[in-house]
Amino acid sequence: MPADDLRDSTIRLMTRKRRIALAVPALILVYLAYVAVAFDLGGLAQRARLDNAAILLADAVSHKVHVTRDNRRETLQVSVEGSNRAVFSESQIPDWVQAQGDGARIDLGAGHVVTYDGPRVVYDIPDYGPVTLDTSDGVSVQVPGGTLPDFINASPTRATITTDQGRVTATASRTETLRYFWGWEMFFFDLSSPFSGMTAGQVLSTIIGGAPLVEGVSNLSLALSEFWTNDIWQHGAVAWAIFETVLMAFLGTFGAAFVALPLAFLAAQNFTPSRWLRFAVRRVFDFVRGVDALIFTIILSRAFGPGPLTGALAILLTDTGSFGKLFSEALENVDDKPIEGIRSTGANAVQRYRFGVIPQVLPVLLSQMLYFLESNTRSATIIGAITGGGIGLLLTQAIQTTQDWEKVTYYILLVIVMVIAMDSLSGWLRRKLIRGA
Amino acid sequence: MLDVRSATKLFGQKAAVDHVSMTVDGPAFVGIIGRSGAGKSTFLRMMNGLTPASGGQILVEGRDILALRGADMRAWQSQCAMIFQQFNLVPRMDVVSNVLHGILNRRATWQTVLNLWPRADIIRALEILDRLGIAEQAPKRAEALSGGQQQRVAIARALMQDPRIILADEPIASLDPMNAQIVMDTLKRINVEDGRMVIANLHTLDTARRYCDRVIGMRDGRVVFDGVPAQLTTGVARDIYGADADFNESATSTAIPTDTSADAEYAARMLA
Amino acid sequence: MLDVRSATKLFGQKAAVDHVSMTVDGPAFVGIIGRSGAGKSTFLRMMNGLTPASGGQILVEGRDILALRGADMRAWQSQCAMIFQQFNLVPRMDVVSNVLHGILNRRATWQTVLNLWPRADIIRALEILDRLGIAEQAPKRAEALSGGQQQRVAIARALMQDPRIILADEPIASLDPMNAQIVMDTLKRINVEDGRMVIANLHTLDTARRYCDRVIGMRDGRVVFDGVPAQLTTGVARDIYGADADFNESATSTAIPTDTSADAEYAARMLA
Amino acid sequence: MALIDIRDDYLAQTRRKRIYGGLLVVIFVAMMVSGFRVADARNAGGFWTGLSSVGDFPADVVSEAVAKVANLPGHMVRALPAMVETLNIAVVATLLGCMAGTALAMGATRGLARWPRLVPLMRRISDVFRAVPEIVIALVLIFILGGGPVPAVIAIAIHTAGAMGKLFSEVNENVDLKPLDGLASVGATWSQRIWLGVIPQVAPNYLSYALLRLEVNIRASAILGFVGAGGIGYELRNAMTFGQGKFDQAAAIFLMLFAAIVVVDQISGLARNRLTHGAPL
Amino acid sequence: QEITEFRIGLLGGENAQDRMASNECLRAYAEEALGVPVRLFTPADYNGVIQGLLGDALDMAWLGASAYAAVYVADEDKIEPVLVKTNLDGSYTYHSIGFARADSGITSLDDMEGKSFAFADPNSTSGFLIPNVELPAEGYSMTEGEYFSRIGFSGGHEQSIIAVVNGDYDAGVTWADGQGAWEDGYNSGALRKAADSGIVDMNDIVEIWKSSPIPEGPVVLRQALPDDVKQTMIDLVAGLHDSDPTCAYGVAAGETAGFTPVTHEEYQTIIDIRRAEMN
Ligand SMILES: Nc1ncnc2c1ncn2[C@@H]1O[C@H](COP(=O)(O)OP(=O)(O)OP(=O)(O)O)[C@@H](O)[C@H]1O
Ligand SMILES: Nc1ncnc2c1ncn2[C@@H]1O[C@H](COP(=O)(O)OP(=O)(O)OP(=O)(O)O)[C@@H](O)[C@H]1O
Ligand SMILES: [Mg+2]
Ligand SMILES: [Mg+2]
């Protein structure tokens, strides 16, 4: 039997450990519970609009075509997503929309048919029967059973029928039918393009063997330029936006490195004997780091206006603080021996820094810069959303207007690809430069 | 040629080098011995100008080099090469560049900063490396070399300076016996063939006895012995090192034992 | 009790353990010897279930433990303790906790994860530590202990498992002779007093001779010797180790030399 | 090899290095200069004309704040709940993100993963989580969940999980596997092996990274406030955007936010120093 | 003096790409008329345009009345209002509209006691400045907790509509011309855009308040511009409706009868109100 006091002290130790082991998760749980109350999680569950999530998901992978009748002017228009810039011309109207007299017959598939007949709209729903909306005086609704089912939202001035196949909305001024389709519409070519409406195979064969669609321009370059200037997706503008974002990160990161390097010497103990100077420089670093690029963006947009330069300068200022701190730490860790070796040959100060210090710190600095390059690409996206530049602006505004979720999806994918690409690039450069330097 | 007059270095109250005086006429191989903290390194660093002196003079051909400042001091340093225990090379640069650093003082700053060395300089550096038997290593990075090779690069850098005096601060302290011998042989060859003065701090008596023309013993910053190796008896050594009767010379020896047959046998068995 | 039938482990094309068969009836102390790469560790790891087998059977009281999976395998592991050359303790945790890890399999996961050990378990762990003479170390972190002490903690963990079989993979290879002896004595005591089977990989012949009831020699994954220590002549050993006539047993010995006066003298001189 | 060959080789190598090095420098400088010029051209205001007025905005803010200095304490007190909310967002997001990051890291480290085949998948998940800017997740979630702190927490937590997943798995790669073998030999389950064998080894590093992340996340949560996710960023944006007339309020909020960042910076710096210099756990 | 380029700032309300696209024709016309490169900028919010004007980074913009006041308050000599958009009936006013969810049972501000209320942007005239003055005048205190339980900024007009429909806020304010039918979201304004795009079904929301008429924001030019440049741009924009109605529709973001001249005096009231808002 071990001595009693030894046993007791060990058991006490284990009890203490047990208490810690229980207390830490308990504390975390208590904190999380407090936050759940403070953030009103219960209320959130009620407020959450999962139907919005459904809209978002559906819209991200599909598009809708609007068939709109202006009830005052009595005109019919078929357009993608209701956009003025994607209106089907007479010859392009898809065959599920057929004009008949003062109206149209719209086939929504699966037996669902909507008929426009002057101010009257009839929606023939299989297994339910025809629903008639009359817009000649307010909006009146007639349904087979007499009682309104819950997929019809009606008031004296407006009615909406929502089914799995589409949606019909009628007011006194206009009637609109929506049909949903999978995929991103007109991603490659817009309606005004000569390639519009072709299948992938047709486009390919036109490019390879077809007669020139436009005199004097090869079909390939025509296809490329039509794609680039696509009115709906604006690939050219998006590419510029991505470029601007990367540019902000690039200029900001390396510009900051240039500014920070000399200042870092002033903050490093082994290069600056004056405590006060060091202290001052360090506090400056802390300050610019703490202010954050966001605030700088706002401050600088007064002087430089909106645009990528403002974003780049904001990143530059913040990172000067971060780099200053990191570089001065790297400088404080340099080995004095090579410096002394260089000094013993009669080298002057410039030469001592060049050969004694730079070769030692360069790999460290370079690797830090490249790390920042990647994370700044992400910051630049956010800054762009605030100063007005780059992919960040396009993305946030597309989200905030809550309409073009397919574009939002497109931009998000582009941002992810861009950040991952910058990450791989910086990783690759790090391996190349630092091994071979 | 070299005339040290009462050279002194104080660190605070403490005299690391305390009124050291000596004269060396020709290109001798001078060894300085003494226990740790005796002031050997400080004395060499004063001579090279790495540590400013507190007093005294060191006259080289009549000029007091302790009084030099700025560009003059750097010019002196370029004629007085220094070799360090830890080699003090630039580890990430290649061997030739490290050797070329010996003439930093004689080339324009902008030229050196951009690494634009004249072809003739590069060729001379390679010749020096060849003379020291490490020309093959020329394109490698210094950090990729073994300790002995690195020390030879450091010697090459010293030779590149074309110095009149070579100072060596425990040049073989971090080397194994094999490499230590190569490095000391090299230093001796330079001393004899080129007629350059070598002053080396040494931490083992037998090395001093074997290679030096003259040995100086230091203790607590003062010169306590100055003579030829033959005068360096065990009794004198005890005085220098402040050791008592237990003092056993072989404990400090780094010489390669002449009879290594036992080891070889063992190694062969292990490798079998 | 233990019946190994043609147990085999392939790594790629290479058979690390190659159709090994043997039977052990009672709680014997079995030593396995063989040179590096012979497959000793792999065999023990197969028995413990750390390395899945490629073929064959290992029957323990009629049950093929190589066929066990998941929870059954873990239940078997809890009855078959393993001791490692590098102790394999959790270095940042205290000794008692490390010993308690022996019964991880018998307590609920959430309980062990939250460190909620029943008082009775803690007392038993302390008793085991006391039996091995290291109760004082109980509250210390494992990493703060010497190698010999850590190995005894590992043995305590094994005893905590209350195993029928203890496997020990070169338990003394990283210990100095003094500690090696203590650890081997402990294992022997457990074998004799508690009647637990011990199978130990050993890398020195004299240890095997001194402690084992039975010695198994492995070479290239196969059993090339199986007998009592007395049968283990130098010739046999040469076969096992594949060594030629130069083979010198003492080169592998870790026994504590009886006459240590020469060393003591040397040490005294050094410390002076 | 004869000296002459070595010489030629070396000279050729030097030439090559000079050309490559020179080229690299020229390309880099050209990219910087042309990049700057493009950015300048695409900006509304020019760099050189704007340079002189860089101080205008801060001067406006400072002069108004100084003129109404008596208002500042009141503004600060009023913004205090928002400040607390921002801190809570950062702390909760760091907590949740680090937990998820730990799980990702355990699944993404070869030798530790429960399902070794999923290692590449786990890594890709970390990469994607890391790549999406918080603001994007937050805005999408605001659409679904409505404005407030929760979208911000989720957005920051997701990004943190990705970042920590990578950092933690780098820490895991250096873990000593011997204790794990030891635990496996007694029949421990995977979770017991990880919790008792890995976590004690990596905890100091994890904690140090988590503290560093907390600093970053406080800023991130302030930024998200700017786009409607609540907290101090929202207050700051409203005051700052209104401009002249509410600059005193903007200054007060900014000072408070800045002070909070500095304080957390200092505390976590101290804590990390203690961790890396091996205080016991 | 000469200008080397001309920069137009576009206010939010649509996503950046669409803003660029709808104003591209104006850019092309301006380039032709001025003979220098003309560029469009789309800052993320009102403040971006305000800062751009204050910092001389933008030469022209179409501001809200309150945003104009913000610039004027910061620097009286920076910009001048030149034109204003007129509605189809020739007026150039619009309204701030208070709205709530139909199923909430709220039909007027009297039902809003203890409920939450959303403004748009601090620089918005209809989304903040006017209701913030008129509601207290009608007896509904704008101090948080007195009448409304919570008062906040959603960030913009779209966000306000979404926030109310989502239930983040019980009611909000946004802008509309007040002409045409409620079920269409009026003829123009944020409600119309939201209804057209399907964000909201007008049956699901009700109007609970309408402000007195608010003057439409001015098209402003930088004062320091050369007179001939100013005149060219004024002529161009004023004549846009006649020369290219489609372009005018895009630039004006809806049906319009064109742009007519306006002077600073029209906005004096708004400026006074804004001054009163300052701490
Ligand atoms: N920079 C310094 N500041 C203060 N004291 C110093 C400094 N450099 C050396 N000293 C002191 O001066 C004395 C002489 O040191 P020095 O390095 O010259 O001795 P040494 O003979 O070279 O010894 P070692 O064999 O250890 O290199 C020592 O007491 C040392 O502590
Ligand atoms: N995980 C593995 N993957 C591939 N080969 C392995 C693995 N583990 C062991 N081996 C190989 O199997 C053979 C037997 O190894 P084992 O470790 O069992 O030998 P050992 O007798 O224990 O040797 P030692 O004395 O060095 O520990 C060796 O050739 C080894 O290289
Ligand atoms: Mg020394
Ligand atoms: Mg082994």
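The values are calculated or read from the model by the stated rules, or taken from the named source; none is laboratory data. Please read all numbers here as calculations on a predicted model, not as lab measurements. All Cβ positions, even for glycine, are placed from backbone atoms using ideal geometry, and neighbour counts span all protein chains on display.
What residue, among those in the range C:82-94 that are under 16 Å from residue D:187 (Cβ atoms), touching a Pro at 6+ places or on another chain (Cβ under 8 Å) and within 7 Å of another protein chain (Cβ to nearest Cβ), is farthest from ligand 2 (Cβ to nearest atom)?
Top of the filtered list is C:90.
Could you list, in sequence order, all residues of the range E:86-97 that are in contact with a Pro (Cβ under 9 Å, 6 or more places away or on another chain) and surrounded by 24 or more Cβ atoms within 10 Å (Cβ to Cβ)?
Listed by number, the residues that qualify are E:94, E:96.
Going through A:33, A:38 one at a time, which residue ends up being surrounded by 14 or more Cβ atoms within 10 Å (Cβ to Cβ), out of contact with any strand residue (DSSP E or B) (no Cβ under 9 Å at 6 or more places or on another chain) and closer than 30 Å to residue E:164 by Cα?
Step by step, each of A:33, A:38 is checked, and only A:38 is surrounded by 14 or more Cβ atoms within 10 Å (Cβ to Cβ), out of contact with any strand residue (DSSP E or B) (no Cβ under 9 Å at 6 or more places or on another chain) and closer than 30 Å to residue E:164 by Cα.
Those residues that are in a helix (DSSP H, G or I), aliphatic (A, V, I, L, M), in contact with a helix residue (DSSP H, G or I) (Cβ under 8 Å, 6 or more places away or on another chain) and within 10 Å of chain A (Cβ to nearest Cβ), I need them from the range D:1-53; list them, please.
If the condition is that a residue be in a helix (DSSP H, G or I), aliphatic (A, V, I, L, M), in contact with a helix residue (DSSP H, G or I) (Cβ under 8 Å, 6 or more places away or on another chain) and within 10 Å of chain A (Cβ to nearest Cβ), then D:31, D:32, D:38, D:39, D:51 are the ones that fit.
Find all pairs meeting these conditions: Cβ atoms under 8 angstrom apart; at least six residues apart or on different chains; first residue within the range D:182-207 and under 23 Å from residue D:162 (Cβ atoms) and in contact (Cβ under 8 Å) with a residue 40 or more places away in the chain; second residue small (Gly, Ala, Ser) and in a helix (DSSP H, G or I).
D:207/D:271
Checking residue C:233 against (1) modelled with pLDDT under 90; (2) more than 19 Å from residue D:179 (Cβ to Cβ); (3) within 16 Å of ligand 4 (Cβ to nearest atom), which test does it fail?
(3)
Anything in the range D:79-117 that is away from every other protein chain (no Cβ under 14 Å) and β-branched (Val, Ile, Thr)? List them, or say none.
The one that is away from every other protein chain (no Cβ under 14 Å) and β-branched (Val, Ile, Thr): D:109.
Can you pull out the helices (runs of 4 or more DSSP H) entirely within the range A:318-437 that have at least 3 residues that are within 14 Å of chain B (Cβ to nearest Cβ) and over 30 Å from the mean Cα position of the chain (by Cα)?
Working: elements: A:336-343, A:358-387, A:390-400, A:405-436.
Output list reads A:336-343, A:358-387, A:405-436.
Restricting attention to the range C:127-150, and to residues there that are outside any helix (DSSP H, G or I) and either within 16 Å of ligand 1 (Cβ to nearest atom) or not charged (D, E, K, R) (or both), which single residue is surrounded by the most Cβ atoms within 10 Å (Cβ to Cβ)?
Selected residue: C:138.
Can you name the residue in the range A:157-178 that is part of a loop (DSSP other than H, G, I, E, B) and at the interface with chain E (Cβ under 9 Å from one of its Cβ atoms) and, of all such residues, is farthest from residue A:75 (Cα to Cα)?
A:157
In the range A:420-434, what residues are hydroxyl-bearing (Ser, Thr, Tyr) and either surrounded by 15 or more Cβ atoms within 10 Å (Cβ to Cβ) or more than 17 Å from residue D:128 (Cβ to Cβ) (or both)?
Here is the first cut: in the range A:420-434, the ones hydroxyl-bearing (Ser, Thr, Tyr) are A:424, A:426.
Residue satisfying the conditions is A:426 alone.
Considering (1) more than 22 Å from residue E:272 (Cβ to Cβ); (2) in contact (Cβ under 8 Å) with a residue 24 or more places away in the chain, say which one residue E:63 fails and leave the rest.
Result: residue E:63 fails condition (1) only.
Which residue pairs have Cβ atoms closer than 7 Å, lie 6 or more positions apart in sequence or on different chains, and pair a first residue in the range D:121-144 that is surrounded by 18 or more Cβ atoms within 10 Å (Cβ to Cβ) with a second residue that is assigned to a helix (DSSP H, G or I) and basic (Lys, Arg)?
D:126/D:166; D:130/D:166; D:133/A:378
When you look at residue E:113, is it within 21 Å of residue E:233 (Cβ to Cβ) and surrounded by fewer than 18 Cβ atoms within 10 Å (Cβ to Cβ), yes or no?
No; evaluated as a whole, the condition is false for this residue.
Out of the residues in the range B:156-179 meeting the condition of being away from chain A (no Cβ under 14 Å) and farther than 23 Å from residue B:42 by Cβ, tell me which one is nearest to ligand 4 (Cβ to nearest atom).
Within the range B:156-179, the match that is nearest to ligand 4 (Cβ to nearest atom) is B:176.
Just to check your reading of the model, which residue among E:76, E:80, E:24, E:32 is assigned to a loop (DSSP other than H, G, I, E, B) and either surrounded by 24 or more Cβ atoms within 10 Å (Cβ to Cβ) or charged (D, E, K, R) (or both)?
Details: E:80 fails: assigned to a loop (DSSP other than H, G, I, E, B); E:24 fails: assigned to a loop (DSSP other than H, G, I, E, B); E:32 fails: assigned to a loop (DSSP other than H, G, I, E, B).
One residue alone meets the criteria, E:76.
Go through A:91, A:83 for me and flag whichever is over 15 Å from residue A:169 (Cβ atoms), among the polar types (S, T, N, Q) and part of a loop (DSSP other than H, G, I, E, B). Full working, then the answer.
On the way: A:91 fails: part of a loop (DSSP other than H, G, I, E, B).
Every option except A:83 fails the conditions.
Out of the residues in the range C:67-126 meeting the condition of being among the acidic types (Asp, Glu) and surrounded by 18 or more Cβ atoms within 10 Å (Cβ to Cβ), tell me which one is nearest to residue D:197 (Cα to Cα).
C:94
Please indicate, with yes or no, whether at least one residue in the range A:191-198 is surrounded by 17 or more Cβ atoms within 10 Å (Cβ to Cβ) and either in the same structural domain as residue A:78 (by TED's automatic domain parsing) or under 27 Å from the mean Cα position of the chain (by Cα) (or both).
The answer is yes, given that some residue of the range A:191-198 is surrounded by 17 or more Cβ atoms within 10 Å (Cβ to Cβ) and either in the same structural domain as residue A:78 (by TED's automatic domain parsing) or under 27 Å from the mean Cα position of the chain (by Cα) (or both).
Looking at (1) at pLDDT 85 or above; (2) in a loop (DSSP other than H, G, I, E, B), which one does residue D:244 not meet, given that it meets all the others?
Here residue D:244 clears every test but (1).
Being modelled with pLDDT under 80 and at positive phi narrows it down to one residue among A:129, A:109, A:101; which is it?
Matching residue, one of A:129, A:109, A:101: A:101.
Exactly one of these conditions fails for residue D:175: (1) in contact with a Lys or Arg (Cβ under 8 Å, 6 or more places away or on another chain); (2) more than 7 Å from chain C (Cβ to nearest Cβ); (3) surrounded by fewer than 21 Cβ atoms within 10 Å (Cβ to Cβ). Give me its number.
(1)
All but one of (1) within 20 Å of the chain's Cα centre (by Cα); (2) at the interface with another protein chain (Cβ under 10 Å from one of its Cβ atoms) hold for residue C:138; which doesn't?
Checking residue C:138 against (1) within 20 Å of the chain's Cα centre (by Cα); (2) at the interface with another protein chain (Cβ under 10 Å from one of its Cβ atoms), the one that fails is (1).
Among A:379, A:344, A:375, which is the only one that is surrounded by fewer than 24 Cβ atoms within 10 Å (Cβ to Cβ), of a type in the set (Gly, Ala, Ser) and either out of contact with any strand residue (DSSP E or B) (no Cβ under 7 Å at 6 or more places or on another chain) or over 18 Å from residue A:260 (Cα atoms) (or both)? Step through it out loud before you land on a result.
Details: A:379 fails: surrounded by fewer than 24 Cβ atoms within 10 Å (Cβ to Cβ); A:344 fails: surrounded by fewer than 24 Cβ atoms within 10 Å (Cβ to Cβ).
When all the criteria are applied, what remains is A:375.
Quick check on the range A:257-264. Is at least one of its residues crowded, with 20+ Cβ neighbours inside 10 Å and away from every other protein chain (no Cβ under 14 Å)?
Among the residues of the range A:257-264, at least one is crowded, with 20+ Cβ neighbours inside 10 Å and away from every other protein chain (no Cβ under 14 Å), which makes the answer yes.
Which condition number in (1) without any contact (Cβ under 8 Å) to a residue 24 or more places away in the chain; (2) over 18 Å from the mean Cα position of the chain (by Cα) is the one that residue D:226 fails?
(2)
Could you tell me how many of the residues in the range E:164-178 are at pLDDT 85 or above and at the interface with chain D (Cβ under 9 Å from one of its Cβ atoms)?
1
Given (1) within 11 Å of another protein chain (Cβ to nearest Cβ); (2) closer than 21 Å to residue D:93 by Cα; (3) surrounded by 24 or more Cβ atoms within 10 Å (Cβ to Cβ), identify the lone condition not met by residue D:263.
Every listed condition holds for residue D:263 apart from (3).
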